[in-house]
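Worksheet: one structure, shown below.
The values are calculated or read from the model by the stated rules, or taken from the named source; none is laboratory data. This structure is a prediction, so every number in the text was calculated from the model and none was measured. Here the Cβ positions follow ideal geometry from the backbone for every residue, glycine too, while neighbour counts run over all protein chains shown. Note: accessible area is taken over every heavy atom of the protein model, side chains too, but ligands, DNA and RNA are not part of it. Shrake-Rupley method; radii C 1.70, N 1.55, O 1.52, S 1.80 Å.
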Amino acid sequence: MEVPGAGYVVLALLVSLFGTLAFRYARRLVTVVRVLRRGARAEGRCVRVETEPYGRSDARRHVFAFETADGGRIEFEDLASWSTVEGAPVTVTYDPRDPAGTATVAGRGSWSPVLQALALVAGCTLGALGFAILLYAEFSGGNR
């Protein structure tokens, strides 16, 4: 059974999803660039590496911790290489006004956080544009 207009709805939802992700990662990119230029630095450690339960995915989440200059302990999740293991030392850069919301792993042995965020922005933007082009082609081709 074919539902009229379902293709348009699916493509519009995909454009919205990828557009929202691109916007979110673009905001993160701006934050990372600002923090790397003007932020405080601290030594931190990878405190947990979490994997998908039941082995259904090879996705990993890396959780890092550090102490701020005033002694507060902050934990945050950030992108990391597959070789980053629990207990690995890292350099953390953060904005002292919002350490939990701005912390990023930045140091030797880690892929640049700017390049990571830039790759995510580019990928999601290309996805949104690709689906938008398909939606436009589907919409304009259907009216002929």
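Worth a mention:
- Folded to 0 to 90 degrees: helix 113-142 orientation relative to the chain principal axis, Cα: 10 degrees
- The angle between the Cα long axis of helix 6-38 and the main principal axis of the chain comes to about 20°, on a 0 to 90 degree scale.
- Using the average count of surrounding beta-carbon atoms within 10 Å as a protection proxy, the listed peptides 95-101, 40-46, 61-67 rank, highest first, as 61-67, 40-46, 95-101.
- Answer label for Rg and Dmax of the Cα atoms in Å (calculated), chosen among (1) 18.8, 63; (2) 19.8, 67; (3) 15.3, 58: (2)
- Charging the Cβ of each Asp and Glu at -1 and of each Lys and Arg at +1, and nothing else, the dipole of the chain about its Cα centre rounds to 420 debye.
- Rounded percent of accessible protein surface that carbon and sulfur make up, the chain, 1.4 Å probe: 60 percent
- Placing +1 on the Cβ of every Lys and Arg and -1 on the Cβ of every Asp and Glu, with no other charges, gives region 15-84 a dipole of roughly 340 debye about its Cα centre.
- Every helix of 4 or more DSSP H residues in the chain counts as -39500 (n - 2.57), and over all residues that averages to -16500 deg cm²/dmol at 222 nm.
- Local charge for ALA40 was computed over the other residues whose Cβ lies under 13 Å away, with Lys and Arg +1 and Asp and Glu -1, and equals 0.
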